[in-house]
Amino acid sequence: MTNILEAKGLCAAYGPRQVIWGIDFAVPEGGIVAMLGANGAGKTTTLRAIMGELRAWGSLTFRGQSLLGRSTADIVKLGVAMVPEGRGTFVDFTVEENLLLGAYTRRDKDGIRQDIQRMYEYFPVLGQRRNQRAGSMSGGEQQMLAIARALMARPRLLLLDEPSLGLAPLIVQEIFQILETINREDGVSMLLVEQDAVRALRLASYAYLLETGRVALQGSAAELQASEDVRRAYLGY
Amino acid sequence: MTDFLQLVLAGAADGSIYGLLALALVLIYRSTHIINFGQGEMAMFTTYLAWSMLNAGWPYWGAFFGAIAIGFVLGLVVHRILIHPIEGAPELTIVIVTLGIYLFFNSIALWIYSGVPKIFPIPAGVPKQSWDVGGVFVVPLHVTIFAVLLALMLVLFAFFRFTKLGLAMRASAAQPHSALLVGISVPMMMGLGWGIAAMAGAVAGLLSAPIVVLEPNFMATILIFAFASATLGGFDSPVGAVVGGLIVGEVSALGGRYIEFIGTDLQLLLAFALIVAVLLVRPAGLFGRPQVVRV
């Protein structure tokens, strides 16, 4: 299987402070990969480096093209979208405006209309609230909106930063089910950063464990679930 | 009664000018969340440039639109050179920089054009003679300013509400990081906001100069009234800026006439009283939306 995203010796820094120290990882075409690790391990930083928001070096390719040195707008156009931590919905804008903003890099008006309808099918609650301010919705609804907004860019790779953060377990379950559907039906590859390792390993087929900016451990989801060390240190049972 | 109507008209004329400059303030606030103290002086400077073009033999409307175009570029450049580098700096820093913009354009105008007041013509094609409507004198220039104000407000409202670019500009101002993630070039949007605001400011300068006289400080008082207008209407609402401008114009005109001790000397004070009163009762302004977010 070919990889849609491939990092080799990737380093990243916030200004002068280096946070990522030469990591290798890959996301296979159509696959879901999880990135686990404690707070401050560099997971969010890795995602932000992929989106071109930080100074990064080493090698980072998306469908064979280097992402390093590109602007965020360019990277979105190439087919990478991110659902940031804390959702990043436009709180003062309506649901529909949020979706239109998600499609900002696209020019096909009819396609955008169709995709908005498709999002309302994936997330019926968004359809019911299309003219409501995003900021007035519940956390779970806003997370759904954030995912829908990211999908409006028609990404081939979706980066998700802690989609379960602060949400009730039932809502998290619903969101993860929808992610699985989107992955299966639309073939959108995903790189998932999660604190909730149990759930992440259930959705992903492969996972990397980051520790202070380096890959400490990697393997198939089944291997990591079975590993005694991982279980004790990160899964908490 | 005619006396009263005459005052209402005068108030509307002043108010239209405040509204125009308030529109510029609102535009910058909407696109960068900055309150630009240099807005009036940028408008003053573009008006001087129009005066130079007129002196060089340009027709009125050539100079008018030339100055507006230069205003746009001026807005872009000021944002690029002065505001973009200090993005994310504390508010105080940004306020000081916009005060610097005020001083810069004020000094440059004084240096190039001296402080001697200049006569600036009214728009070509607008009659100089007042119309007598049932004993009330209607000044065609005032009607023009009012019409321009309404037209500009409608255009801006439609632009922000219905166009993709307008939506992207609002999004960049509201949540720059999220805007970046959907592929919007945020610095470009903010620069555009400054450019469009400077255009609106240029219109305010060009239309008020014939009434006030053109000298380096002629926009300073107008700026204060424009602040009052924008505060009253809500700093994030173009419609609010216009309605706010008209209310401030009427309050100063009528207050100056009917409240004995105020007269023309204390009109400015009325504007301040209005700002304070509004901030106490409704901090977001009449048309502004208070920020309420569920997390």
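The values are calculated or read from the model by the stated rules, or taken from the named source; none is laboratory data. Remember, it's a predicted structure, so these values are computed and weren't measured experimentally. Heads up, the Cβs are rebuilt from the backbone with ideal geometry, glycines too, and the neighbour counts pull from every protein chain shown.
Okay, residues lined up against (1) of a type in the set (A, V, I, L, M); (2) touching a helix residue (DSSP H, G or I) at 6+ places or on another chain (Cβ under 8 Å); (3) assigned to a helix (DSSP H, G or I):
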| site | (1), (2), (3) |
| --- | --- |
| B:Leu149 | yes, yes, yes |
| B:Val155 | yes, no, yes |
| B:Arg161 | no, no, yes |
| B:Ala171 | yes, yes, yes |
| B:Leu192 | yes, yes, yes |
| B:Gly205 | no, yes, yes |
| B:Ser208 | no, yes, yes |
(Q) Could you check region B:173-183 and list, in sequence order, the residues that are part of a helix (DSSP H, G or I) and either within 7 Å of chain A (Cβ to nearest Cβ) or within 12 Å of A:Leu100 (Cβ to Cβ) (or both)? (A) B:Ala174, B:His177, B:Ser178, B:Leu180, B:Leu181
Q: Can you give me the number of residues within region B:5-55 that are in a helix (DSSP H, G or I) and either without any contact (Cβ under 8 Å) to a residue 40 or more places away in the chain or over 30 Å from B:Tyr258 (Cβ atoms) (or both)?
A: 23
Q | Residues (surrounded by fewer than 18 Cβ atoms within 10 Å (Cβ to Cβ) and either in a strand (DSSP E or B) or among the acidic types (Asp, Glu) (or both)) located in region A:34-66 | A | A:Arg55, A:Trp57, A:Gly58, A:Ser59, A:Thr61, A:Gln65, A:Ser66
Q. Restricting to region B:210-249, what's the tally of residues that are of a type in the set (D, E, K, R) and modelled with pLDDT of 90 or more?
A. 1
**Q.** Condition check for B:Leu181: within 30 Å of A:Lys77 (Cβ to Cβ) and touching a strand residue (DSSP E or B) at 6+ places or on another chain (Cβ under 8 Å)
**A.** yes
Q: Being over 20 Å from the mean Cα position of the chain (by Cα) and under 24 Å from B:Asn55 (Cα atoms) is the filter here, so list the residues in region B:70-118 that pass it.
A: B:Ser107, B:Ile108, B:Leu110, B:Trp111, B:Ile112, B:Tyr113, B:Ser114, B:Gly115, B:Val116, B:Pro117, B:Lys118
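Condition check ((1) modelled with pLDDT of 95 or more; (2) out of contact with any His (no Cβ under 9 Å at 6 or more places or on another chain); (3) over 30 Å from A:Asp108 (Cα atoms); (4) buried (at least 16 other Cβ atoms within 10 Å of the Cβ)) across all residues:
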site	(1), (2), (3), (4)
A:Ser164	no, yes, yes, yes
A:Ile171	no, yes, yes, yes
A:Ser189	yes, yes, no, yes
A:Arg231	no, yes, yes, no
(Q) Among the numbered criteria (1) out of contact with any Asp or Glu (no Cβ under 6 Å at 6 or more places or on another chain); (2) not assigned by TED's automatic domain parsing to the domain that holds A:Arg133, which one does A:Thr2 miss? (A) (1)
